[in-house]
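The values are calculated or read from the model by the stated rules, or taken from the named source; none is laboratory data. Not measured: the values here are computed from a predicted model. All Cβ positions, even for glycine, are placed from backbone atoms using ideal geometry, and neighbour counts span all protein chains on display. These area figures cover heavy atoms from the full protein model, side chains too; ligands, DNA and RNA do not enter into them. Shrake-Rupley method; radii C 1.70, N 1.55, O 1.52, S 1.80 Å.
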Amino acid sequence: MSTFTKKLIELALKEVGTTEVHGTNCGPRVDEYKAATNLPPHEPWPWCAAFQCFIIREAMTACGIAESATFKRPKTAGAFDFENWSLRQGNETQTKRDPGDDIRAGDIVIFKFSHIGIAVEDASGSTVDCVEGNTDTSGSREGGGVFRKTRKLSQIKTRIRFTI
């Protein structure tokens, strides 16, 4: 596992327990996540993809990884748009649709229900543990916080693996 991948997981796990203010899709830390995208951070919009943008940006900074001609960090606020972002990169990401059990710790996983998370363990059996923003204890994609969730592999539309 690369230093970058380890940092992604470490940073995501540190954020577990962060919540929005009164179900508003806003709050001091949530707005920091949203500021990592190309949308206004203080407006109330779903932020699961923003959380991933934030974690990736912070891991890049911590590991001294700069953007290049072939690799730009994601700034999208759309879970499904992460696939488009990955496909525009060079060899720094690998995109796989319908990945089955090919999920490793550090992979970004896009769910079929327009939600996104980061795998914090390799897939085991028919599930994988992820850290997700804008979810809740029941697993909603409109939750209210950052939680560690166990998800069924059958719910995953796409996985993105970093090679940096």
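Got a number for residues in the stretch 14-51 being open to solvent by 70 Å² or more (accessible area, probe 1.4 Å) and in contact with a strand residue (DSSP E or B) (Cβ under 7 Å, 6 or more places away or on another chain)?
1
In this structure, is THR24 outside any helix (DSSP H, G or I), hydroxyl-bearing (Ser, Thr, Tyr) and more than 16 Å from ARG141 (Cα to Cα)?
When the stated conditions are applied, THR24 does not pass them.
Filter the stretch 104-113 down to the residues that are open to solvent by less than 50 Å² (accessible area, probe 1.4 Å), out of contact with any Asp or Glu (no Cβ under 7 Å at 6 or more places or on another chain) and assigned to a loop (DSSP other than H, G, I, E, B) and list them by number.
GLY106, ASP107
Is it the case that the stretch 142-164 has a residue that's closer than 26 Å to ARG88 by Cβ and at pLDDT below 95?
Within the stretch 142-164, one or more residues are closer than 26 Å to ARG88 by Cβ and at pLDDT below 95.
Do you know which residues across the stretch 114-164 are outside any loop (DSSP other than H, G, I, E, B) and open to solvent by 40 Å² or more (accessible area, probe 1.4 Å)? Steps first, answer last, please.
Initially, the stretch 114-164 is screened for residues outside any loop (DSSP other than H, G, I, E, B), giving 115-119, 124, 127-135, 145-162.
Once the filter is applied, which keeps residues that are outside any loop (DSSP other than H, G, I, E, B) and open to solvent by 40 Å² or more (accessible area, probe 1.4 Å), the stretch 114-164 yields SER124, THR127, PHE147, ARG148, THR150, LYS152, SER154, GLN155, LYS157.
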